[in-house]
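Below is one structure, written out as structure tokens, with a few remarks after it.
The values are calculated or read from the model by the stated rules, or taken from the named source; none is laboratory data. Remember, predicted model here, so these are calculated numbers, not experimental data. For neighbour counting, all protein chains shown are included, and Cβ atoms are generated from backbone atoms with ideal geometry for every residue, glycine included. What goes into the accessible areas is simple: the full protein's heavy atoms, side chains included, and nothing from ligands, DNA or RNA. Shrake-Rupley method; radii C 1.70, N 1.55, O 1.52, S 1.80 Å.
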2 protein chains.
Amino acid sequence: MSVEDGIDFALIELLFFAYRDFTSDPDQILADYGFGRAHHRVLHFVNRRPGLTVAELLDVLKITKQSLARVLKQLIDTDHVVQLQGPRDRRQRELYPTAKGRALALALARPQSRRIHAALHAALGDSGITERTLVERFLEAMVNPELRAQIDVGSAKMSGKSHGEH
Amino acid sequence: MSVEDGIDFALIELLFFAYRDFTSDPDQILADYGFGRAHHRVLHFVNRRPGLTVAELLDVLKITKQSLARVLKQLIDTDHVVQLQGPRDRRQRELYPTAKGRALALALARPQSRRIHAALHAALGDSGITERTLVERFLEAMVNPELRAQIDVGSAKMSGKSHGEH
DNA sequence: AGATTATGTCAGTACTATTGACGTAATTTC
DNA sequence: GAAATTACGTCAATAGTACTGACATAATCT
């Protein structure tokens, strides 16, 4: 059943198709703003973790400072994100979404969320077991273990790690 | 539970992280060959659907002819893919992986397949229900309906659509 | 005071992708 | 059989996203 040489080509391919179409929704909206996928990612995380610093953002996105610079500057210039001096450490710039930024982040997330929920329904229809928890756990397990800490913010998990002030 | 404004930010984010790490495995191997993700995608589909034409490949990847050109040329020059004149239509170029190409495709798919299976175990451990079928159906449902035809090749489905000669 | 840290910026480069235009060979249509 | 269409290849120009390396500034830590 579509597993040749012990390799699961089918799921590999599905992940490609799923992600391609998953990102196509916001891509269309972004085009109107002259923004790209990079802007989306930055805006998403600033929106999700308001007050995160530039360094934290770099760490989450796993890109370099130079790659972030242009994108972040554009988001700030267009009034989607603001920088505030860090209260404890004045070298830090805490990033916050503006109302405009939050609105765009929401507009971008809406079709993606709709697609996900439709897919969950299509996939799980009746079997009212763990529902989305199952897919959530699958995706979580797809992430490199070392980086798994990045994903639990905002949710009511906070597994292990001492988060300090929040 | 991590659903603000009715938007499922958690799953959106997980899909991002999952896909990022999912592609990081082959990326490292590709670097040794001077290849990028584009080469991987082309090689994957040529390997999966040996004999597909350039036009079909463009349609599956949803990129332009010009984008494919350079990448495909490199794969042919490095003896990973060969072009054969189409038997029915001599204008067409049927693409086939060489032994070398198949070996590389396999090497690239191996860590991805391993990651997927580990994730399935982590996610479904005991509940021996539909197992991978569930995630498969979820991902399938994430793909745009019009494009869903692209994904059933090689598997024993062939839902609906008149496939003609194959 | 000196080292380190957080951030910003500049220069140069690479990969992947785009649109548009043009050429060639093969097939289909009238 | 001539004309239109199709499949493919290629050239030129451009854009978005990423990279490495280097350097500057301000703030904090030792």
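Miscellaneous remarks
- Candidate set from the stretch B:80-93 (those that are over 18 Å from B:Gly36 (Cβ atoms) and in contact (Cβ under 8 Å) with a residue 12 or more places away in the chain); member that is farthest from DNA strand C (Cβ to nearest atom): B:Val82
- Close Cβ contacts (under 8 Å, 6 or more residues apart or on different chains) running from residues in the stretch B:58-71 that are more than 17 Å from B:Asn144 (Cα to Cα) to residues that are more than 9 Å from DNA strand D (Cβ to nearest atom) comprise B:Ser67/B:Ala38; B:Leu68/B:Val42; B:Leu68/B:Leu61; B:Val71/B:Gly36; B:Val71/B:Ala38; B:Val71/B:His39; B:Val71/B:Val42.
- The requirement of being away from every other protein chain (no Cβ under 14 Å), at pLDDT below 90, in contact with a strand residue (DSSP E or B) (Cβ under 7 Å, 6 or more places away or on another chain) and within 13 Å of DNA strand D (Cβ to nearest atom) is fulfilled somewhere in the stretch A:86-108, by at least one residue.
- Test set (1) touching a His at 6+ places or on another chain (Cβ under 7 Å); (2) within 11 Å of DNA strand C (Cβ to nearest atom) - B:Lys100 fails condition number: (2)
- Scan of the stretch A:53-73 for residues that are within 11 Å of DNA strand C (Cβ to nearest atom) and open to solvent by 50 Å² or more (accessible area, probe 1.4 Å), ordered by number: A:Ala55, A:Glu56, A:Asp59, A:Thr64, A:Lys65, A:Gln66, A:Ser67, A:Ala69, A:Arg70, A:Lys73
- Yes/no for A:Phe17 being more than 12 Å from DNA strand C (Cβ to nearest atom) and either part of a helix (DSSP H, G or I) or loosely packed, with under 13 Cβ neighbours inside 10 Å (or both): yes
- Residue check for B:Asp25: part of a loop (DSSP other than H, G, I, E, B), more than 15 Å from DNA strand D (Cβ to nearest atom) and open to solvent by 20 Å² or more (accessible area, probe 1.4 Å): no
- The stretch A:29-67, residues that are more than 13 Å from DNA strand D (Cβ to nearest atom) and either in a helix (DSSP H, G or I) or over 12 Å from the mean Cα position of the chain (by Cα) (or both): A:Val46, A:Asn47, A:Arg48, A:Pro50, A:Gly51, A:Leu52, A:Glu56
- Qualifying residue in the stretch B:32-46 (condition: more than 12 Å from DNA strand C (Cβ to nearest atom), within 14 Å of chain A (Cβ to nearest Cβ), within 16 Å of B:Tyr96 (Cβ to Cβ) and open to solvent by 70 Å² or more (accessible area, probe 1.4 Å)): no
- Which listed residue, of A:Ile12, A:Ile76, is in contact with a Phe, Trp or Tyr (Cβ under 9 Å, 6 or more places away or on another chain), assigned to a helix (DSSP H, G or I) and more than 10 Å from DNA strand D (Cβ to nearest atom): A:Ile12
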